[in-house]
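Since the structure comes first, as structure tokens, the remarks are kept for the end.
The values are calculated or read from the model by the stated rules, or taken from the named source; none is laboratory data. Note that the coordinates shown come from a computational prediction; the quantities given were computed from them, not determined experimentally. Note that we place each Cβ from the backbone using ideal geometry, even for glycine, and neighbour counts take in every protein chain shown. Surface accessibility is based on the protein's heavy atoms, side chains included, excluding ligands, DNA and RNA. Shrake-Rupley method; radii C 1.70, N 1.55, O 1.52, S 1.80 Å.
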Amino acid sequence: ASQQPVRKMSVGHYNMMHQTTLLKLILLAVHVALPVSGLLGPASQSSSSTLLHHFGNTRSHPINYKFCRPRYDNTITLYSKASSRTGGRSGKGFGGLHPTSKKITPRSSSTIFYDDEGNVLSQRQQKPLSDDDSQHSIKNVKNELIDTDGEQIHNSSDKPNNNNRVTNFLSNLPKVLSKPPLVSSTSEWRRLQRHASQILKSTHLRDLLQDPTRCDAMWAEHDGVYLDYSRQQATLETMELLFDLAEKQELTKRIDAMVNGEKINFTEDRAVLHTALRASREDVGTVFVDGVDAIGEVHEVLDQIKAFTEAFRSGQITGYTGKRMRNIVSVGIGGSYLGPEFLHEVLKTEEEGINSSLGYSLRFLANVDPVDVERTCADLDPEETLIIIVSKTFTTAETMLNARTMRQWLWDFMGDDIDVVRKHVVACSSVSATENVKKFGIDTENGMFRFWDWVGGRYSVCGAAGAVPISLLYGYDLFEKFLEGARSMDQHFIKAPMRENIPIIMGLLGVWNSSFMGYNSRALIPYAQALLRLPAHIQQLDMESNGKRISRHGIEIDYPVGEVDFGEPGTNSQHSFFQLIHQGQTIPVDFLGFVQSQHDLLMDSEQLSSHDELMANFFAQPDALANGKTAEEVRAEGCPEELILHKVFDGNRPSSSLLFPQLSAYVTGQILSLYEHRTAVQGFIWDLNSFDQWGVELGKKLAIDVKGHLLKARYDPEQKPVDAGSPATSRILNYYVKNGREASANGTGLSVNPLTSVTRKNHKDNITKKTHSRDNAYPPPLQHDLGGNVGKLS
């Protein structure tokens, strides 16, 4: 201080964990510097030669301290803005900003400059620096200072404004420090970036698969679930770097926060407790949300569902006309539909499921398209049908329109007595929606099954949304086995070390492929036809969870997140899109296979069973993707030279293989839990909130506006053109309305008022003994085999 270097004293790059020390240093600097006229006025020329050399021009100049915090790092640096008299020497600073220390460590690929009020002055993307580069002086970094209008700020000749700038800076310091960094600024992330470039340049899966040490290490197993990830474009070093990143992101701490009921869905102020939906009864009293025993409430609802389904299946609960009900229609959309449907498709061909569902049917009504109503109700007897309305708020537009349609369908056949709805309609909804459920006419005491705000729709298949329809069709005991399988994988996820943890390994590999290898799609190929609806459910689960652009800290991310998920069962998929996977874009693949089939078949003339034939493809496809086929191999087969390139397979295409014992209710629970947790792991690493879905809201809002325009157009006697506020939207809406009117006038389908009933009347009108042979349709049998699980396999 005696040498008066304070005016050029800076606080360099300090980690935010040392913020207290940082503030003390700043306050010390201010305390010493305020009496020195040079701080807010001309600078002294008595600085050391080292500092003079670094700053370049040493003439006296006013210094207005600015604050610069690299946007995605946990470090801060003070900069000073020099007047035009000093000149901004190229390579010596950021335009007119001069660093106030000898060594500045740029810590990320993007930097934000703040003015004295804490407002952003600039944002400029840069090439990421290596650890070695980051030790160089500031001359290795070239940024421009841009004002809020996008203009470059050059050295200013204006007179300095010494209006208490240090005080302003300190008062706004908390604002600057309040945003934690993005994960992309961490050294762990940058090491993975450098490592990825090496992997892409110098390795091929063809060679990696010849390394026995590597292959022997890249697998994991739990409770019959076997994961082989040796065909991923990753080495043992890759995995260690990914585990380092997971530790940096406090992955296990975030997992614990989720399963213990902390409100990690902060945008909706909600806990995330789909794991509680399948928790053991022994865990009652261990997880609380807002003072309420979450697992205790779950088991209360499960007991209610069990009692209701047993009464339904035993015939104690009958319809309005006294008939036993055998048909179940579940009305819901999104997770309220995709999850339960995927489970239903599995149990349809599971041995116990076949027996227990004899005499009953289950259908799902999701799409607001009236054709979906037609297909759902086509051959059902309303007197024998129970409707389940699945909506958390009981306000979802598509679900409630379909619910009202199904209610009208019941009324058309049995009258509009209040008991028609009370006996034929039940609801799965949240407690907060009780009044809406009651207004619909449903018996909320006996016909409403709760779920909670801390379960998102896409995570709700283990709750009432899945439990009610599945238990009604297959019996509660089979659904409970599904819950047990999910619980098994939950416990593995919570307790297993990271390096042995299947969901964590798969989640980290998802981050690796998406954010570092640059693969923006991912395929799910189950070698089991019964899993035909699994890809659609995982598509919603993953894309709705991690299709985000803002981190949980409110910062726009600068790294790729979220894959486009798709898939079909093998071997059908091989004859659909595998051409692209083998010779087009690189798309990581998950292959799911089973040691035993639900129903195997061995023909007398065949040496291998049909399941072995299927599984031969399961084992061959990952190797084909990994190894490929070289030009030399193609040439050796005698291929004409002009066709060789067409038959070359580059290989080096990543995949993972999951092998399960047999597709059962228990194993299906394991699969569901595994993919739910993989999604959560990726979101935790990416610093996303994987449990909200604001991206679906805008389209809903605009649809309401469009409905208003259509309503006005349909009832406008003058038939004025629609004005939707956009020429493009107005044009296509008017085309739609105009052609609808013309179709009506020509007698091709629409009435003058197209808002007509969409309910069916042909159950009794068309399906009769007189007409069933003519229409190739048959009436429902008068008696049914309701033997349930005592029935026999045909």
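Assorted remarks:
- Ligands, DNA and RNA are left out, and with a 1.4 angstrom probe the accessible area of the stretch 295-413 is 34 Å² per residue.
- Our estimate of slack between Arg714 and Ala217, defined as 0.36 nm per intervening residue step minus the Cα-Cα distance, is 172.3 nm.
- Percentage of interatomic Cα-Cα distances in the stretch 618-678 larger than 19 Å: 55
- Share of carbon and sulfur in the accessible heavy-atom surface of the stretch 598-692 [1.4 Å probe, %]: 54
- Separation of the Val564 and Glu262 label points, Cα + 7 Å toward Cβ, nm: 3.6
- Take the Cβ atoms of Glu642 and Asp369, set R0 to 51 Å, and the FRET efficiency comes out at 0.55.
- Asn739 paired with Trp694, simple spin-label distance in nm, labels 7 Å along Cα-to-beta-carbon: 3.7
- Computed E for Arg404/Asp293 - FRET, C-beta separation, R0 51 angstrom, nearest 0.05: 0.90
- With the convex hull drawn around the C-alpha atoms of the stretch 224-287, the volume per residue stands at 149 Å³.
- Applied to the stretch 401-413, the Karplus parametrisation 6.51 cos²θ - 1.76 cosθ + 1.60 on θ = phi - 60° returns per-residue 3J(HN,Hα) values of 5, 5, 5, 5, 5, 5, 5, 4, 4, 5, 5, 4, 9 Hz, with x for Gly and Pro.
- Solvent-accessible area of the stretch 193-264 (1.4 angstrom probe, protein heavy atoms only): carbon and sulfur portion equals 47 percent.
- The residue among Ser545, Ser573, Ala530 whose Cα reaches farthest toward the positive pole of the charge dipole of the stretch 520-621, with charges on the beta-carbon of Lys, Arg, Asp and Glu, is Ser545.
- Accessible area in square angstrom per residue, the stretch 587-657, 1.4 angstrom probe: 57
- Relative packing of 502-513, 576-587, 372-383, 320-331, which averages over residues the other C-beta atoms within 10 Å, highest first: 502-513, 320-331, 372-383, 576-587
- Bins of 10 Å from zero: percent of alpha-carbon pairs in the stretch 250-293: 27, 56, 17, 0
- Residues Thr395 and Glu633, FRET efficiency given R0 of 56 Å [Cβ-Cβ distance, rounded to 0.05]: 0.40
- For Asp379, residues with placed amide H under 5 Å, excluding near neighbours: none
- Where GluC sites (Glu not before Pro) fall in DSSP loop in the stretch 579-640, at most 10 other Cβ within 10 Å: Glu637
- Fraction of accessible area attributable to carbon and sulfur, the stretch 371-425 (%, probe 1.4 Å): 46
- Span from the the stretch 221-297 Cα centroid across to the the stretch 568-645 one, whole angstrom: 34
- Only Lys, Arg (+1) and Asp, Glu (-1) charged, at Cβ; the stretch 331-411 dipole about Cα centre in debye: 420
- Of the cross-linked pairs Lys248/Lys481; Lys392/Lys701; Lys263/Lys707; Lys438/Lys548; Lys201/Lys629; Lys392/Lys439, those separated by over 27 Å at the C-alpha level are Lys248/Lys481; Lys263/Lys707; Lys438/Lys548.
- Amide proton proximity set for Arg653, modelled H, under 5 Å, gap of 5+: Ala626
- Nonlocal amide H pairs with Asp590, under 5 Å, H built at 1.01 Å: Ala523, Leu524, Ile525, Ser656
- For the stretch 680-722, the Kirkwood radius over C-alpha pairs fed into Stokes-Einstein at 10 °C and 1.306 mPa s yields D = 118 µm² per second.
- Farthest toward the positive end of the dipole of the stretch 380-506, out of Ile494, Tyr459, Val421, is the Cα of Ile494, where the dipole comes from beta carbon charges about the Cα centre.
- Taking the C-alpha atoms of the stretch 521-606, convex hull volume expressed per residue in Å³: 122
- Spacing of the two label points (7 Å from each Cα toward its C-beta) at Asn446 and Trp411, in nm: 2.3
- All-pairs alpha carbon distance profile, the stretch 358-405, 10 Å steps from 0, percent: 22, 56, 20, 1
- Potential lengthening of the chain between Gln579 and Thr286 amounts to 100.4 nm, from the contour at 0.36 nm per residue minus the alpha-carbon distance.
- Each Lys and Arg Cβ is given +1 and each Asp and Glu Cβ -1; about its Cα centre, the stretch 237-283 then shows a dipole of about 300 debye.
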